[in-house]
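For reference, the structure is listed below as structure tokens.
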């Protein structure tokens, strides 16, 4: 089984468990690696936003001394949340998990489990 299929399977399990609209793993450059969910039309847009989140995380670590940032969340009262979580690095490229969480849904337990599974399988954690 290829890494991409396995990563997609992890995302699909989390998407179903959390009833998320969509789950995406993308690179620090904003390129999608893989995704699952009900909103495929947003994959490129959500992935492109990840490049901005990489900059926010990098600046927060460097300039504000916030090491170990585990989440950045955008919240819209009607649509829900867009949760971005840094995953670590794969072959020198930082990866991010982006989860589209509908209103009134929880996400932390499911995304924590997913991030651990991805880190254990695909990425190496690096310390700031």
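The values are calculated or read from the model by the stated rules, or taken from the named source; none is laboratory data. Fair warning: this is a prediction, and the values are worked out from it, not measured in the lab. Ideal geometry is used to build each Cβ from the backbone, glycine not excepted, and the neighbour counts take in all protein chains shown.
For residue 78, the conditions (1) over 21 Å from residue 122 (Cβ atoms); (2) assigned to a loop (DSSP other than H, G, I, E, B); (3) touching a strand residue (DSSP E or B) at 6+ places or on another chain (Cβ under 8 Å) all hold with the exception of (3). Looking across 121, 111, one residue alone is surrounded by fewer than 19 Cβ atoms within 10 Å (Cβ to Cβ) and touching a residue at least 60 places away in the same chain (Cβ under 8 Å). It is 121. Do we find that residue 88 is over 18 Å from residue 15 (Cα atoms), in contact with a strand residue (DSSP E or B) (Cβ under 7 Å, 6 or more places away or on another chain) and surrounded by fewer than 19 Cβ atoms within 10 Å (Cβ to Cβ) in this structure? The answer is yes for residue 88.
Test residue 105 against the criterion of being in contact (Cβ under 8 Å) with a residue 24 or more places away in the chain, surrounded by 12 or more Cβ atoms within 10 Å (Cβ to Cβ) and in a loop (DSSP other than H, G, I, E, B), and give yes or no. Lay out the reasoning, then the answer.
Numbers: in contact (Cβ under 8 Å) with a residue 24 or more places away in the chain: yes; surrounded by 12 or more Cβ atoms within 10 Å (Cβ to Cβ): yes; in a loop (DSSP other than H, G, I, E, B): yes.
The answer is yes for residue 105.
Say whether the condition of being buried (at least 17 other Cβ atoms within 10 Å of the Cβ) and within 15 Å of residue 22 (Cα to Cα) is met by at least one residue in segment 55-75. The answer is no, given that none of the residues of segment 55-75 is buried (at least 17 other Cβ atoms within 10 Å of the Cβ) and within 15 Å of residue 22 (Cα to Cα).
Conditions (1) under 20 Å from residue 44 (Cα atoms); (2) touching a helix residue (DSSP H, G or I) at 6+ places or on another chain (Cβ under 9 Å), marked per residue:
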| position | (1), (2) |
| --- | --- |
| 59 | no, no |
| 83 | yes, yes |
| 99 | yes, yes |
| 113 | no, yes |
| 121 | no, yes |
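Of all residue pairs spaced 6 or more apart or on separate chains, those with beta-carbon atoms under 6 Å, a first member in segment 10-21 that is more than 17 Å from residue 81 (Cα to Cα) and a second member that is in a helix (DSSP H, G or I) and at pLDDT below 95 are 10/117.
Here is a list: 3, 91, 76, 13. Which entry is at pLDDT 90 or above and more than 15 Å from the chain's Cα centre (by Cα)? I'd like the intermediate steps shown before the answer.
Details: 3 fails: at pLDDT 90 or above; 91 fails: at pLDDT 90 or above; 13 fails: more than 15 Å from the chain's Cα centre (by Cα).
Unique residue meeting the criteria: 76.
Scanning segment 59-75 for residues that are farther than 18 Å from residue 119 by Cβ and in contact with a strand residue (DSSP E or B) (Cβ under 6 Å, 6 or more places away or on another chain) yields a total of 3. If the condition is being assigned to a loop (DSSP other than H, G, I, E, B) and surrounded by 14 or more Cβ atoms within 10 Å (Cβ to Cβ), then segment 9-54 contributes 20, 21, 28, 30, 39.
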